[in-house]
Amino acid sequence: MEKKHFERPIIKKLQTGMPNKFGMKTEYEPISEIDGVSVKDLVANYGSPLYVMSENTIRETYREAHRAFSTRYPKVQFAWSYKTNYMNAICNIFHTEGSWAEVVSGFEYDKAINNGVPPSKILFNGPDKSEKDLEKAIKHGSYIHIDHFDELYTIINLTNKMKERPKVAIRVNMDCGIYPLWSRFGFNYENGEAWEAINRIMLTKKIDFVGLHCHIGTYILAPWAYGIAAAKLADLAVAIEKKFNHYIKYIDMGGGFASKNTLKGAFLPGSDTCPTFDQYADAITTALINSPINHEHLPVLLLESGRSLIDDAGYLVGTVLANKRLPEGKLATIIDIGVNLLFTSFWYDHKVTPAQQFSHHTEDTIIYGPLCMNIDIIRENVQLPPMKKGDNIVISRIGAYNMTQWMQFITLRPNIVLVDSKSKAHVIRGNETPDNIMKNELVPEHLKKFEL
């Protein structure tokens, strides 16, 4: 006879709080499996903590986004944002779906090339492109999105010693009615800086000016802002046609679409407030189609969405290390997942779910990670049932940025597993070992021997 799990009695203050228009859901189901693979088996086979990515979710989300835009506009091309998650297996899922690559460093550019992406289908963004990076991108025929005048002057100098003609676009920043204004990157629309960059490019006669690019911000909840940005880029395209009799090949709207995660301090959950792909697509494509752009020379619509395509596909599985009662009476649960592995916990209230059956009794809980840092807080407030040492938890919607912004700090970084469409798990990045960390360290001879 199986021994029943003991639950200590608790006294819980009944405090309903302020309901929202969707009501108040007080219970949810455990996440005991991911795409048909048991969470307990994943932990047993690959350790804890553990990143788990769902191939099915990635493909379904991408296809939904592509449908939303391609049914509204005749020329649509996505380019996967490498900085969002540049695990090779993840990038290649998007590439097999037809997505190009969007990179922001020489490192990411080389990664895309090594993944087999044709150089002519790589968009090279970012403010830090070395002369060597630019020379390589020009030689291979990649699209270079110029961020500032110093970069433009470097490209002009390279044209004097290279046979190839650079293919460039400019990044444009603008006032779209949302704040803070992302004015750090690119050339400003309102003060004429963008026009000055365009004039300098066109007058060199040694550069192929192919596109206009913008990226208005991140986690943008206002689709109408993209409509304003698209309309301004369309006006630039029309003015370029009139002045230089030149048609650009594409308008790149960047990314920044919100995922369904809930921002800290938000009144309603992100799953209820996040715009759909259809809403973003409506705003952007309506602005382009209704603009004065010559429809016989309609530019390709490029999209570099990252977060909204990958967040839902990621899970971080962990294990309860201990429970303790804080002096103020609040329950604290310590898990083996720290903020070094879940960087987005600084701005999201991630959904945390037990991986085993649990009682309907819940208590306001703070979840700490294992790091010896007071800022190592995964959730400051979350209603959870009592959990014991060794129980597993699943943190949802962590696919964006956590595997590129993670840090080796105090603990070693764990395995990353991909669950494929046939419910088979694959390790796509192995866990770190002490050798991984120490192989690049060098100790001067006079420090190699000591006595204590």
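The values are calculated or read from the model by the stated rules, or taken from the named source; none is laboratory data. Worth saying up front: this structure is predicted, and the values here are computed from it rather than measured. No Cβ is skipped: glycine too gets one built from the backbone with ideal geometry, and neighbour counts run over all protein chains shown.
Values as computed for the structure displayed
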{"read-out": "Matching entry among Ser38, Ser120 (being among the small types (Gly, Ala, Ser) and assigned by TED's automatic domain parsing to the domain that holds Gln405)", "value": "Ser38"}
{"read-out": "Pair list, Cβ under 6 Å, 6 or more apart: the stretch 372-396 residue more than 17 Å from Leu326 (Cβ to Cβ), other residue charged (D, E, K, R)", "value": "Ser396/Lys351"}
{"read-out": "Top-ranked residue of the stretch 382-400 - restricted to ones that are modelled with pLDDT of 95 or more and not small (Gly, Ala, Ser), ranked as surrounded by the fewest Cβ atoms within 10 Å (Cβ to Cβ)", "value": "Lys389"}
{"read-out": "Looking only at the stretch 202-221, and only at residues there that are farther than 30 Å from Ala266 by Cβ and either outside the structural domain of Lys264 (by TED's automatic domain parsing) or in contact with a strand residue (DSSP E or B) (Cβ under 8 Å, 6 or more places away or on another chain) (or both), the one that is surrounded by the most Cβ atoms within 10 Å (Cβ to Cβ)", "value": "Leu212"}
{"read-out": "Residue among Asn199, Asn191 that is assigned to a loop (DSSP other than H, G, I, E, B), free of Cβ contacts under 8 Å to residues at least 24 places away in the same chain and either under 17 Å from Asn125 (Cα atoms) or in the same structural domain as Asn125 (by TED's automatic domain parsing) (or both)", "value": "Asn191"}
{"read-out": "Strands (runs of 3 or more DSSP E) contained entirely in the stretch 376-451, each with at least 2 residues that are within 25 Å of Ile58 (Cα to Cα)", "value": "392-396, 416-419, 425-429"}
